[in-house]
Amino acid sequence: MTVSPAALDSLQTLFVGLALAGLLASAFELFTERKASFQLLEAGGVSALAAVPMLAFTAPFIILRNTMRGRRLEQRPIPFVMIATMVACGWSLMSGRVAVDLAHLVVGA
C-alpha cells in the first residue's frame, strides 16, 4: 500500500494544527491561570478583539476538550461527538495549513 504525497501533506497539516492548538491553549492557561474558551469573546472591547487570533488557532483544542467533557458529564450521543470531531479536524487542517505555510515563508523554503 502506498500513500500519496498529498495525503502525507494533509496528515502533517492536521497534526501541526492540532499540536499548535494544544500548545497555544496550554500556554494561555499557563500565563493567565484560566482555560481558553470561546467565552473570551464575550468580554467585549479590546480584550475580545485580542482573543480572536488566539481563538482562531486554539479552536480545535477547545472544541475537542468541550466535546469530551460533554460526552463524559452530559452523556452526549456518539454522533454529536463524531460531528464535533470532524469540525475540529477540519478547523485544524485550515489552521495547520496557515502555520505550515507561514513556517515555510519564514524559513524561505
Problem set entry | Descending semi-axes in whole angstrom, ellipsoid equivalent of the range 49-102, from the Cα gyration tensor | 24, 13, 6
Seminar exercise, completed: In the range 14-107, taking the dipole from +1 charges on Lys and Arg beta carbons and -1 charges on Asp and Glu beta carbons about the Cα centre, the listed residue (LEU24, THR85, VAL46) farthest towards the positive end is THR85
Exercise. Mind listing P(r) for the range 14-107? All alpha-carbon pairs, 5 Å bins, whole percents.
Worked result: 3, 14, 20, 22, 19, 14, 6, 2, 1, 0
Problem set entry | Sorted by Cβ density within 10 Å, fewest first, the residues ILE63, ILE83, ILE78 | ILE78, ILE83, ILE63
Seminar exercise, completed: Packing-ranked peptide list from 37-47, 94-104, highest mean Cβ count within 10 angstrom first, is 94-104, 37-47
Exercise. Which net charge results when you count Lys and Arg as +1 and Asp and Glu as -1 among the other residues whose beta-carbon is under 13 Å from that of ALA25?
Worked result: +2
Seminar exercise, completed: Length gained if LEU105 through VAL81 is fully extended, taking 0.36 nm per residue and subtracting the Cα-Cα distance, is 5.1 nm
Exercise. Where does each of PHE80, PHE61, PHE31 land when they are ranked from fewest to most other beta-carbon atoms within 10 angstrom?
Worked result: PHE31, PHE80, PHE61
For this session: Using only alpha carbon pairs under 8 Å that are at least six residues apart, calculate the relative contact order of the chain and give it in whole percent.
Result: 37 percent
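Read-outs: derived from the displayed coordinates by stated rules, not from any lab. These numbers come from a predicted model, not from an experiment. In this analysis, Cβ positions are derived from the backbone assuming ideal geometry, glycine residues included, and neighbour counts consider all displayed protein chains.
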